[in-house]
Each structure stands twice: as structure tokens, then as C-alpha cells.
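Some notes on the structure that comes next.
What follows draws every value from the coordinates through simple rules; no lab data is involved. These figures come from a predicted structure and were not determined experimentally. Reconstructed Cβ throughout: ideal geometry from the backbone, glycine too, with neighbour counts over all protein chains shown.
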Amino acid sequence: MHRPVLLSLVLLAACGPSATRRRADVEECSKLHEQAQLIALCLMSDHKWPEAEANAAGRARERELISIRAAHEDSLWNAAAPQHRQEIRQCPGRWRDMAACLEAAGWPEARAVRAADSTWAADSTEHRRQIRACLARERTANIAACLQLYYGWSPERGLRANDSVRAPAR
């Protein structure tokens, strides 16, 4: 009774490559390629993997590589945190648009935009006061110019503020 089960396991192990060998194949192909489709193609052509398995392994390895790269970039970024805090403190006095200033300092665009938006949101009470002051001064005109001229707002933020206060009530 146990013999057929044991025989099946032995045959199954003998028929296919081991998990260790399969992992080595995936790693070998991902040293040459980082995209899922190219990893899968390498697995099929160089290691004779079935297409479905190669595609699944390629997608999984691509996600793994992206995750490893992101963790590495975050680690490097966090190591330079004091320098980044200094750059955030210096930008408002030199540039109207903090994101552009941070990008000029070497920040990746996505991080610069997030930092600028976060800094901007922290001053939301002051921004609301500035909008009210411009609305009182410029009853019928576009308040974007007032916000830029008197308070140093970027054109994009000024126009967004104007659109939000001028939008018809629903």
C-alpha cells in the first residue's frame, strides 16, 4: 500500500529538475535580463522550461528584482537623511517651486514632488489665509496672480487655488 506512493514520489523527483536547480536557472537568466518576458524567454530557450512555468517564474523574478532595487534605493536614501533635511530647509528661500529646487539638488522627481506636497500641506492654514486675503483684494479677477505676486506661490499652485475657489457649486 505504501509502495505505490513511495514509487510515485521517487518518479516525480527523478522527472523534474530540483527546486534548487530551477532557482539557479532563474537567477542565471535574471543576471542577463531584468524584464519578465526576457527572463522567461531565456528560461525557455536556454533551460528548456515549459512556457507557462517560464512566464510565471519571469514575472515573479521581475517583481522580486523591483522590490530588491526599491529597498536598496530606500536604504541609500535614508542614509543621507540629514543632507535631505538640509536641502528641504534651504529650498524655500531660493526657489518658488520646492520640487524643482529639490530636483536641481539631485532628488528623483517622485521624491521631490512628495516632499514639496508634504511641506505645502503642513502650511495649509497659512495658505487658506493667503487665499482669503487675495479673494478680498481681487473680487472678480484671477487670484492666481495675487498669490504669486504677494505670497510667492508657484503658477501651478496659484492656478489650482483659483480653479478651486471659482469652481461652480454643485
How would 164, 30 line up from fewest to most surrounding beta-carbon atoms within 10 angstrom?
164, 30
Indicate the gyration tensor shape class of region 81-122 (rounded, prolate or oblate), computed on the Cα atoms with a ≥ b ≥ c the square roots of the eigenvalues: a/c under 1.5 is rounded; otherwise a/b larger than b/c is prolate and the rest oblate.
rounded
Between the DSSP loop rule and a limit of at most 11 other Cβ atoms within 10 Å, which trypsin sites (Lys or Arg not before Pro) in region 17-49 are left?
48
